[in-house]
Structure formats: C-alpha cells, structure tokens
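The values are calculated or read from the model by the stated rules, or taken from the named source; none is laboratory data. Small disclaimer: the values here were computed from a predicted structure and weren't measured. Methodologically, a virtual Cβ is constructed for each residue, glycine included, from the backbone with ideal geometry; neighbour enumeration extends over all protein chains shown.
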Amino acid sequence: MREISSKDNKIFRLCEQLAHKKYRDKLDLYLIEGENLLEEAVKNKADIKTVLARPDYGGGFFGMEDKAFFLSEKLFDQLSQTETSQGIMAIVEKHRISRDRFLKKDGGNFVVLDRLQDPGNIGTILRTADAAGYRLAIVMKGTADVFSPKVVRAATGSLFRMPVVFMDSVGELMEFTRAAGKKLVATCFDTDRYYYDENLRENIALIIGNEGNGISQELIDGSDLKIKIPMHGSIESLNASVAAGILMYEAVRP
C-alpha cells in the first residue's frame, strides 16, 4: 500500500486544513476517524475520497483499499482528534441536499438546531433524531459546525443518514417549514401546555435552543405550538440533548 511520510504531502496538508471550519466549508469535505465510522460511511454510500491508516493499523478497509494510504505514525498522530485512536481516518465529501425533496407533505418530522454550541449535544441530537425517524435536521446560523470532529464522533454515523440543511434567518425557516406542511414547535416557560398535551408524532419542526439562552425570542414568537416539559423541585432546565430526546421520541409512541 502507498505510504505518506512527508508533512509536505498534499493529502496530509489537506487533512490539516480540514481541522478548521473555514476549509470544511470551502471544500465541502470533512474528516472521520475510527473503524466504526469508516464502516458506517461505506455502508451508507458516503463519498469517501481518501483513507489514511497508521502503519500499525490491523483492522479492515471495507473495500476502500484502492483509496487507502499508510501515514507515518508521527503524521497520523498529528491529525488524530481522539485520545486512543483506532489508527484509521478518512476524508469524506459532504452530502449535498436538495430542499425540494422535503416539501412533500408526508407526515415526517424535522428538528431545528437554534444556535447550539456544544458538539456533544449536537451529535447526540442528530443521532437521536435518526433513531426516532426524523427526516431532516435544519441548522440555524450561529450553531456550531455539525461537521467538526467532535460532532461527527458524537453522531456515531447518523450524519451519513440524517440529511442536514442550513438556514440563515427565522423568516427563511418559517417559509420552508410552512411550505413543507410542518408546525414549528418551541419549548418555553410561557405556556400552560405540556409536551404530552400536543401531537408531536408527525408534521412538526421541533426547535432545540441554545444551551444557555434557549430558543431565540423571534423563533418562539413565530412558532405554531409552545410546549414545556414538567420538572420537579428547583430544576430550571434540562440538558438540550436530553430534552430533545424526550420530545423527539413522541414520534414513535405506540
């Protein structure tokens, strides 16, 4: 198998660039790391450009041998984003999504990420949305990069299955969700309705707000439904991904 040992190699330099959001955005590429993620990428027919393995890697390449290179241990460790790397990573092209395919009124649900910042929360929400049968994730401007290494790891392969689109404004979001026949659902304190008082099983766009500040007031004002999750004692709020999980799993309630 071909080997890369120079830091001036164009593939190594590309991987260094992909550690930064501006290059991921510019090139429409991102990095995945680990045997499980590579297997998921192959299984879901992701567009894998290059596979890089450390010389001591003893796992499988899942049919990607023709795109694989061995990278010297020193160079691989410079790129690795994990403490105990499995010794394999890959460059993957972002999946391009046409919004028009989601304008069919088919009963499916969307999740809206409103300025979330914690990569673990974002990845977990995408993973849970995938498991709960949600059809689309809408990422609002101000949300952390969903293709950052920490989000990609936390999503554990769901980014290969969960379509993601990006929107800049509340007006754009409202126009899109209404054209798709979805009700915008916001969680807030200014309501008497609990989540189980409403039908969250279909045709909703569920908004999950920023970890510290919650959903923007503009989005709350523009929502069709306002709900809350009951909490006892002096607890003011739940972790964003926990709240998202409770609400999204209404979609699969028997």
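The conditions are (1) more than 27 Å from residue 141 (Cβ to Cβ); (2) more than 20 Å from the chain's Cα centre (by Cα), and residue 237 fails exactly one of them. Which is it?
(1)
Would you tally the residues in the range 219-237 being surrounded by 14 or more Cβ atoms within 10 Å (Cβ to Cβ) and modelled with pLDDT of 95 or more?
Residues that pass the stated criteria total 10.
Tell me which residues, restricted to the range 81-92, are under 15 Å from residue 150 (Cβ atoms) and either buried (at least 20 other Cβ atoms within 10 Å of the Cβ) or of a type in the set (A, V, I, L, M) (or both).
The one that is under 15 Å from residue 150 (Cβ atoms) and either buried (at least 20 other Cβ atoms within 10 Å of the Cβ) or of a type in the set (A, V, I, L, M) (or both): 89.
Of (1) buried (at least 20 other Cβ atoms within 10 Å of the Cβ); (2) over 27 Å from residue 221 (Cβ atoms), residue 116 satisfies all except one. Which?
(2) is the only condition that residue 116 fails.
Within the group 16, 35, 3, 39, which residue is within 23 Å of residue 164 (Cα to Cα) and among the acidic types (Asp, Glu)?
After ruling out the rest, the residue left standing is 39.
Which members of the range 214-242 meet the condition of being of a type in the set (Gly, Ala, Ser) and closer than 29 Å to residue 175 by Cα?
Once the filter is applied, which keeps residues that are of a type in the set (Gly, Ala, Ser) and closer than 29 Å to residue 175 by Cα, the range 214-242 yields 214, 216, 222, 223, 240, 241.
Can you tell me which residue in the range 1-54 is surrounded by the most Cβ atoms within 10 Å (Cβ to Cβ), limited to those that are closer than 14 Å to residue 147 by Cβ and of a type in the set (Phe, Trp, Tyr)?
Checking each candidate, the answer is 30.
Going residue by residue through the range 179-192, is there one that turns out to be without any contact (Cβ under 8 Å) to a residue 40 or more places away in the chain and touching a Pro at 6+ places or on another chain (Cβ under 8 Å)?
no
For the range 181-198, what are the residues that are under 25 Å from residue 100 (Cα atoms) and part of a loop (DSSP other than H, G, I, E, B)?
If the condition is that a residue be under 25 Å from residue 100 (Cα atoms) and part of a loop (DSSP other than H, G, I, E, B), then 181, 182 are the ones that fit.
Looking only at the range 15-26, decide whether some residue is part of a helix (DSSP H, G or I), of a type in the set (Ser, Thr, Tyr) and out of contact with any strand residue (DSSP E or B) (no Cβ under 7 Å at 6 or more places or on another chain). If you could, list the steps in order and put the result at the bottom.
Initial filter on the range 15-26 (part of a helix (DSSP H, G or I)): 15-17, 21-26.
Then drop every residue that is not of a type in the set (Ser, Thr, Tyr), which leaves 23.
Add one more test, that the residue is out of contact with any strand residue (DSSP E or B) (no Cβ under 7 Å at 6 or more places or on another chain), and what stays is 23.
Within the range 15-26, one or more residues are part of a helix (DSSP H, G or I), of a type in the set (Ser, Thr, Tyr) and out of contact with any strand residue (DSSP E or B) (no Cβ under 7 Å at 6 or more places or on another chain).
Might you let me know whether the range 202-216 holds any residue that is farther than 25 Å from residue 117 by Cα and either touching a residue at least 40 places away in the same chain (Cβ under 8 Å) or in contact with a helix residue (DSSP H, G or I) (Cβ under 8 Å, 6 or more places away or on another chain) (or both)?
Yes; the residues of the range 202-216 include at least one that is farther than 25 Å from residue 117 by Cα and either touching a residue at least 40 places away in the same chain (Cβ under 8 Å) or in contact with a helix residue (DSSP H, G or I) (Cβ under 8 Å, 6 or more places away or on another chain) (or both).
All but one of (1) within 21 Å of the chain's Cα centre (by Cα); (2) buried (at least 17 other Cβ atoms within 10 Å of the Cβ); (3) hydrophobic (A, V, I, L, M, F, W, C) hold for residue 165; which doesn't?
(2)
Going by the structure shown, is residue 161 of a type outside the set (Phe, Trp, Tyr) and out of contact with any helix residue (DSSP H, G or I) (no Cβ under 7 Å at 6 or more places or on another chain)?
no
Quick check on this structure: which one of 145, 106 is surrounded by fewer than 14 Cβ atoms within 10 Å (Cβ to Cβ), of a type in the set (Asp, Glu), not assigned by TED's automatic domain parsing to the domain that holds residue 16 and not in a helix (DSSP H, G or I)?
Just a single option satisfies the conditions, and that option is 106.
Kindly list the number of the only condition in (1) under 28 Å from residue 222 (Cα atoms); (2) in contact with an Asp or Glu (Cβ under 7 Å, 6 or more places away or on another chain); (3) at pLDDT below 95 that fails for residue 105.
Condition (2) is where residue 105 drops out.
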